[in-house]
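Encoded as structure tokens, the structure appears first; notes follow it.
What follows draws every value from the coordinates through simple rules; no lab data is involved. Keep in mind that this is a model prediction, so the values were computed, not measured. Don't worry about glycine lacking a Cβ; one is built from the backbone with ideal geometry, like all the others, and counts go over all protein chains shown.
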Amino acid sequence: MDLSSPKTIKSIMAAHGIRPQHRLGQNFLIDPRVLDIIVEASGAGPDDLVLEIGPGLGPLTQRLAGAAGTVVAVELDRNLVSILEKTVVAAHPNVEVIQGDAGRIDLHELLHARLAPGQKAKVAANLPYYITTPLVMRLLEATLPLDEIVVMVQKEVANRMVSPPGSKEYGALSVAVQYYTDVRIVTTVSRTAFMPPPDVDSAVVAMRVRAVPPVDAPREGFFRVVKAAFGQRRKSLGNALSAGLGIDKGLVQEALRATGIDPIRRGETLSLEEFAAIAREINANATDTANSGVTDEV
Ligand code: SAM
């Protein structure tokens, strides 16, 4: 049974008296080529565990089951979970479906309980679009044992993920994705590849998780600087950092001068290396100030 066939999807839904839930981002993939592209980009092989978020009626799950050793799929909708048990799990014993919210479930526990020591999992998903960014950020920030994340997202979000400094799409999401991963757009996908079609076009994005960050700076300090720089986009870098970090303007100007970065630039022009240089400098200043006993507020 090909679960990407519109006829099959319609008949399964009719048999269970259900409809696609817009509020859960249920746009089911009906293009088998796109499903194959996702599986291939994930690089899943017989020794791999793949975590799928939002399996829906299981068109991707059944393909992943053929390629990977184990598939663990987290689905929020209880109706779909019980259908998946009968369709996908019954036919593929290497698939486990867990009912839950991928934004809340303990992914550390889920993965560590199923992986061998030192093993890394892959993520493959056609993500529910209403929570794409928080879910991607969760996967990145939680420092999970992952080596590859392949997700379908809105095209506009995919462009933000890969955009370079200075472009209008460049922002905190671009920096975070590029800090944690080596990212690329695998393919763009027309809205007609889904049933029902969403209002936007999409793209498959592959993120290879980096073993080591691409820049040298304490992670927390780096992201504090990034958040402050993008927090007030209309302000110059000097003012945005001072307001966002709660640090005196003079100290910020000094740190920027030391790194050779013009304080009148905007956050969206800074490279990862420049954010790291500022974070190192501010961190060093904070340490100096704390050591001098002048203040402990920085
Ligand atoms: N993978 C299927 C496909 O490609 O046809 C369905 C993809 S559909 C875009 C997103 C799926 O995510 C839906 O099945 C929806 O019920 C599920 N979902 C929505 N929010 C979720 C959440 N917080 N946690 C887990 N699954 C969720």
Restricting to Cα pairs under 8 Å and 6 or more apart, the percent relative contact order of segment 6-209 works out to 21 percent
Using alpha carbons only, how many degrees (0 to 90, rounded to 10) separate the axis of helix 219-231 from the longest principal axis of the chain? 90 degrees
Spelling it out for F28: with amide H atoms placed in the peptide plane at 1.01 Å from N, the residues 5 or more places away or on another chain with amide H under 5 Å from its amide H are M195
Give, as a single signed number, the net charge of other residues whose beta carbon lies under 13 Å from the beta carbon of H16, with Lys and Arg counted +1 and Asp and Glu -1. +2
The residues I30, I282, sorted from fewest to most surrounding Cβ atoms within 10 Å, come out as I30, I282
Fewest to most Cβ atoms within 10 Å: M152, M207, M195 sort as M195, M207, M152
Row for segment 6-209, column shape: gyration tensor on C-alpha, a ≥ b ≥ c, rounded if a/c < 1.5 i.e. under 1.5, prolate if a/b over b/c, else oblate; value oblate
Using alpha carbon centroids, what distance separates segment 148-182 and segment 9-26, in Å? 31 Å
For Q253 and Y130, FRET efficiency with R0 = 35 Å and r from the beta-carbon atoms, rounded to 0.05? 0.25
Only counting other Cβ atoms within 10 Å, I'd like V81, V157 sorted with the fewest neighbours first. V81, V157
Two-site label geometry, R191 and D216: point separation in nm, points 7 Å out along Cα→Cβ: 4.8 nm
Using Cα springs under 10 Å in a Gaussian network model of the chain, which residue among E281, E156, E109 shows the largest mean-square fluctuation? E109
Rounded to 10°, Cα long-axis angle of helix 6-16 versus longest principal axis of the chain: 80 degrees
Which residue, Q119, Q154, Q178, tops the fluctuation ranking in a GNM of the chain built on C-alpha contacts under 10 Å? Q119
Candidates P214, P117, P93, ranked by Gaussian network fluctuation over the chain, Cα under 10 Å, top entry: P117
What net charge do the residues around G54 carry, taking every other residue with its C-beta under 10 Å from that of G54, with Lys and Arg at +1 and Asp and Glu at -1? -3
With the contact rule set at Cα under 8 Å and sequence spacing of 6 or more, what percent relative contact order holds for segment 133-253? 23 percent
